[in-house]
Amino acid sequence: MGSDMLPGVPHVAKEMIIIELREYQTELINNIRKSIRTGNKSVVAVLGCGGGKSVIQAEIARSAAAKGNRVLFLVHRRELCEQITNTFENQGVDMLLCSVSMVQTVSRRIEKIPAPSLIITDEAHHSTANTYRKIYDKFPNALKLGFTATPIRLNKGGLGEVYQDLITSVSTKWLIDNHYLAPYKYYSVKLADTSGLHIRSGEYKADEVACLMQNKEIYGETVKQWERIAKGRKTIVYCASVEASKMTADEFSNAGYITCSLDGTTPENERRDVMERFRNGEIQILCNCDLFGEGLDVPDCECVVLLRPTQSLTLYIQQSMRSMRYMPDKTAIIIDHVGNCYLHGLPDDDRKWTLESKQKQETTVKIRECSNCYAVYALTLSKCPYCKYEAVKEVRRSSKKTIEIDLVELRRQEDLKNTKLSDAVFNTWEEVVEFQKIKGYKFAFCIRYAAAHDIPIPSKYSYMRRIIGL
Ligand SMILES: [Zn+2]
């Protein structure tokens, strides 16, 4: 089987076909075709969320099956099988020759399935996993096409082990500018310090994250910030654990909003019922744990709240962009309480993708946070685009990330510098130490001052009282 099975001009007029391909979608198919013509047997195509991946996949499957080729379409979650089968049927794919299957199922029954000429892998960033490799290895003569929005692995490795060529298409920015995705506003209101979390197999340790985020104060503040920034909007809240999801939902309910919590343990019929009520607007806020990354279709969802710190760019993109399905006049809102944007940048940042691993893909996060409204925006802007609050010059710290010093904080330190000791009033040890540092006093000043003003001295410094002679 060669490149001829992929369409050059994608549309043979057929009544079955209901969605016309957009120009960039046709171009992507043509570029895949060109790559195969040069001899590549495995190609991964990168298309951002909202790019209309399934329509492209359907067109490729339709064209291949129409020429008598057998197509195997691999998905990694059961819910997607039904959805994709529907799309394929609507797009006129001959389903006698095309099988849409769970990767685990195919892997288990590998000896029984007929050899495909074409294997299409959805969510191809999983392609290097053993279950996928087993299938690819079993059918070495099949042409392999992968699709993903984020062609990297959780350990930051590339997909070069599986694919020979990588083809990109239009960017997320372009999709927004051309009204295929809604524009968005991003707010970072950090409620938890993730710096102490340990990483295992490329992701934060789940038990540590659960422990960090299981905090009533965090849920309370989440509700307050939502009321400040996105009150009344249809919202999905991504939580770090089942428990956290339930408690966050309780907090929203107590504040008078109609809220539900869903997770992997929710029975299927209840899940469907809640989703239906969320779609029709009866439920306003949907809290969840590990659901609704890819494949959730609620076009009028306008806001997502991120309460799950993640090292996974894929997960971050899927979650943060869930509110960006296009609707006229809609502006999506993303409220990030865990600083994910400082690790991954903004959802529509330009990213350079390659098949290689980590070292070559290192990017610098170029964003700043507004000290007035907590919006996050590009470092190139001198004012907050939402509230027009002026930004201060960024400072570069040792890490590759650029960290913005809070303007309010800077002013406060400036004031402190100009304060005479005789005018200063301190209530805590920390305040005394801060003043000492800003003024350049010796550390002994802190001990003397605290002792004279009845401010408790931390026990690790109490030996200094003796040295100073207090
Ligand atoms: Zn602002």
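Return the ratio Rg/(2.2 N^0.38 Å) for segment 419-468, where Rg is computed over Cα atoms only.
In units of the 2.2 N^0.38 Å rule of thumb, it is 1.06.
I need the fraction of alpha carbon pairs in segment 3-170 separated by more than 23 Å, rounded to a whole percent.
Percent of Cα pairs beyond 23 Å in segment 3-170: 32.
So for the chain, taking the charge dipole from beta-carbon charges (+1 Lys/Arg, -1 Asp/Glu), which of Phe278, His125, Gly160 sits furthest toward the positive end?
Gly160
Measure nothing but the geometry: give the 0 to 90° angle between the long axis through the Cα atoms of 429-439 and the longest principal axis through the Cα atoms of the chain, rounded to 10°.
Approximately 90 degrees, to the nearest 10.
What does the charge count around Asn141 come to, taking other residues whose C-beta lies under 14 Å from its C-beta (Lys +1, Arg +1, Asp -1, Glu -1)?
That sum, taken over residues with Cβ under 14 Å, equals +3.
I need the phi-derived Karplus couplings for segment 103-113: 6.51 cos²θ - 1.76 cosθ + 1.60, θ = phi - 60°, integer Hz, Gly and Pro marked x.
Values per residue, Gly and Pro as x: 4, 5, 5, 4, 4, 5, 9, 4, 6, 9, 8 Hz.
Dividing the alpha-carbon Rg of segment 226-325 by 2.2 N^0.38 Å yields what? Write down the numbers at each step before the final one.
Values: Rg = 12.4 Å, N = 100, 2.2 N^0.38 = 12.7 Å.
Against the compact-globule rule of thumb, the ratio is 0.98.
Name the residue from Gly345, Ser459, Thr172 whose Cα lies farthest towards the positive end of the charge dipole of the chain, charges +1 on Cβ of Lys and Arg and -1 on Cβ of Asp and Glu.
Farthest along the dipole direction, towards plus: Ser459.
Sort 75-82, 449-456 by packing, meaning the average of other beta carbons within 10 Å per residue, with the highest value first.
Most protected by this proxy first, the peptides run 75-82, 449-456.
Report for the chain the percent antiparallel among DSSP-assigned beta bridges with both residues inside it, nearest 5. Present the calculation step by step, with values, prior to reporting the outcome.
On the way: 10 of 55 bridges.
Roughly 20 percent of the beta bridges in the chain run antiparallel, per DSSP.
Output the pairs from Lys205/Lys352; Lys205/Lys417; Lys34/Lys173; Lys190/Lys330; Lys34/Lys352; Lys246/Lys330 with a Cα-Cα distance over 31 Å in this structure; if there are none, say none.
Details: Lys205/Lys352 28 Å; Lys205/Lys417 42 Å; Lys34/Lys173 26 Å; Lys190/Lys330 25 Å; Lys34/Lys352 21 Å; Lys246/Lys330 29 Å.
Violating the 31 Å Cα-Cα cut-off are Lys205/Lys417.
Taking the Cα centre of the chain as origin and charging only Cβ (+1 Lys, Arg; -1 Asp, Glu), how large is the dipole, in debye to the nearest 20?
It comes to approximately 1500 debye.
From the phi of every residue in segment 29-35, what ³J(HN,Hα) in whole Hz does the Karplus formula 6.51 cos²θ - 1.76 cosθ + 1.60 yield, where θ is phi - 60° and glycine or proline is x?
Here the 3J(HN,Hα) series is 4, 4, 5, 4, 4, 4, 4 Hz.
Per DSSP helix of 4 or more residues, -39500 (n - 2.57); summed, then divided by the residues of the chain. What does that give at 222 nm, rounded to the nearest 500?
-10000 deg cm²/dmol
Can you give the convex hull volume of the alpha carbon atoms of the chain per residue, in Å³?
182 Å³
Taking the highest mean first, how do the peptides 22-29, 142-149 order by number of other beta carbon atoms within 10 angstrom per residue? Show your work: numbers first, answer last.
Values: 22-29: 18.1, 142-149: 24.1.
By packing density, highest mean first, the sequence is 142-149, 22-29.
Given the C-alpha atoms of segment 177-347, compute the convex hull and give its volume per residue in Å³.
Convex hull volume per residue, Cα atoms: 111 Å³.
For the ranges 58-68, 220-230, what's the packing order if you count other beta-carbon atoms within 10 Å of each residue, average per peptide, and put the highest first?
Final packing ranking: 58-68, 220-230.
A short reminder: the numbers here are calculations on the coordinates, not readings from a lab. Keep in mind that what you see is a predicted model, and the values were worked out from it rather than measured. For neighbour counting, all protein chains shown are included, and Cβ atoms are generated from backbone atoms with ideal geometry for every residue, glycine included.
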